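Reading through the structure tokens given below for one structure.
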There are 2 protein chains.
Amino acid sequence: MIVSRPPRLDAHARLRALTSDITDLILDRGLLPGDAMPTEQELMAELGVGRNTLREAIKVLQALGVVEIRHGFGMFVAEENLVALSDSLTFRGQMSLRHKGHEANELVDVRQALEAGLVGTAMSAITEQHLAELEAIVVDMERLAADGHSFIDADRNFHRILFEPLNNQLLSNLLGVFWDVYRTIHQSIDAKDSTRAHLAETAHSHRELFEAVKSGDKPLASSLLACHFDGIRGQLAEFNAPAG
Amino acid sequence: MIVSRPPRLDAHARLRALTSDITDLILDRGLLPGDAMPTEQELMAELGVGRNTLREAIKVLQALGVVEIRHGFGMFVAEENLVALSDSLTFRGQMSLRHKGHEANELVDVRQALEAGLVGTAMSAITEQHLAELEAIVVDMERLAADGHSFIDADRNFHRILFEPLNNQLLSNLLGVFWDVYRTIHQSIDAKDSTRAHLAETAHSHRELFEAVKSGDKPLASSLLACHFDGIRGQLAEFNAPAG
DNA sequence: GAAAGTCGGACGTAGGACGTCCTATGCTGT
DNA sequence: ACAGCATAGGACGTCCTACGTCCGACTTTC
């Protein structure tokens, strides 16, 4: 199936058409994540383009999380992920911090809407095991805070498990991405959240939230989450107006 | 500033490092969207890589919406956009429709959480002008529905303007992306929503929502939005189990 | 002074060559 | 017979050269 592309097209459109042809090929053949794709040579012949052009398109698909390339072995359909969104948002976030930090605030707003808006539904589907895991994380946080250590991973896990009951991959990925992007931005502003007092405060707010979740008090959980994000917004504001 | 990259690294990591070097270069030089970037030759010299390797990295950044390339002219820092997310989600959505359509449901769930969760806040900041625009769109919808025409664009605009008062670019982009992805998926299942009855129903539900927004009844607006999405979920279910 | 033609720079595409890496095959030693 | 290693082959990674295409700016001409 040699495709004869329209002769004259904008370069960007041509690259887009090529990536689209490749994804169509995946869909038409019914390839599933993990399945092997044709080799570069086969794709070159099939799509009627040179190796450089093809590789540029493939690299784009790799960046978009569509295909996975294993050096010396071959090319495969990738598992679900949102690498693309993460990379894109991270860059935008870092960029905006250079002047205003506006986008970081928007990110927090969206996270707040998602988490505060969905925590009630998540609580309806939560299991004993989830609660046990959450409690273990909180205990861990409190211990680390007392020792003066930070607990980035524990924080991330807490939020991840909180929404796991919804069983929504897209949501989990989005929240994970937002968390990672936020952490990257946060690190680049050299946040002073490693003070023991701040650590204890963060641990405590997670403890409160856990108790609300455990007791099934949805409105309380929602408002505690909102508070949590207000605190984060405060840190960002401090950074933007340190002289304030 | 010739960078000497560590000699041995995973190929994927190397490409990532290269894209990262380029974004760092943008950030370090304080380039703003629209600003010109170094040429390929300059970047090759500066980053110490060959043209193919460099171009692959650049194409990735183009796909991620970081840079914009103008054939025969040069390379520029791109304006904000979420092309990457859109492309990635569209592919995933189409892919999943081949078996279960699970991801389409997840997409609707996230949209519902965002829109139903934030409509209240948006209503607090809404202006007379926004209300006027919304009403104009609803009137348009009703007219088109009566004539048996579909109103994709009007639908999209309604939701866009509804959340414009929040003045959150990220949120607007996310909702726009979700809408586009959903439309693409929807088209590929050959939805039968062009029947006059269905059109009238959709127009009516937007009318109800508009009235709720106008009267400032936040809980009602939120629940109407939730209903709207329940209807969409129903269409998806029909598609997945047509024999049912 | 304005319009048309020309020139140069920059990106787009193709193909070849060689390096690197991974898997699989077959051999060897126990 | 089985485990471990050595080797061969395939496939991706990187670089180079060459030429095509496009755009903006400069020059020429009327």
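The values are calculated or read from the model by the stated rules, or taken from the named source; none is laboratory data. All values reported here derive from a predicted model rather than from experimental measurement. Every residue, glycine as well, gets a Cβ built from its backbone with ideal geometry; the counts of neighbours run over all protein chains shown.
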Please specify each residue of the stretch A:145-169 satisfying the condition of being part of a helix (DSSP H, G or I), free of Cβ contacts under 8 Å to residues at least 12 places away in the same chain and within 15 Å of the chain's Cα centre (by Cα).
A:D153
Being closer than 30 Å to B:G216 by Cα and within 8 Å of another protein chain (Cβ to nearest Cβ) narrows B:D109, B:D87 down to just B:D109
Just checking: which of the helices (runs of 4 or more DSSP H) contained wholly in the stretch A:44-144 hold 2 or more residues that are surrounded by fewer than 19 Cβ atoms within 10 Å (Cβ to Cβ)?
A:51-63, A:102-124
Residue by residue through the stretch B:125-144, note down the ones that are over 23 Å from the mean Cα position of the chain (by Cα) and touching a residue at least 24 places away in the same chain (Cβ under 8 Å).
B:T127, B:L131, B:E135, B:E142, B:L144
For residues that are free of Cβ contacts under 8 Å to residues at least 24 places away in the same chain, of a type outside the set (K, R) and over 24 Å from A:T53 (Cα atoms), scanning just the stretch B:52-106, find the one that is farthest from DNA strand D (Cβ to nearest atom).
B:E106
Unique residue being more than 23 Å from the chain's Cα centre (by Cα), closer than 18 Å to B:Q94 by Cβ and not β-branched (V, I, T) when the list is A:A57, A:A84, A:A36:
A:A57
The lone condition A:A57 fails out of (1) under 19 Å from B:L61 (Cβ atoms); (2) of a type outside the set (S, T, N, Q); (3) within 13 Å of DNA strand C (Cβ to nearest atom); (4) at pLDDT below 95 is (4)
Considering only the stretch A:26-43, state which residues are part of a helix (DSSP H, G or I) and either in contact with a Leu (Cβ under 8 Å, 6 or more places away or on another chain) or surrounded by fewer than 17 Cβ atoms within 10 Å (Cβ to Cβ) (or both).
A:L27, A:D28, A:E40, A:Q41, A:E42, A:L43
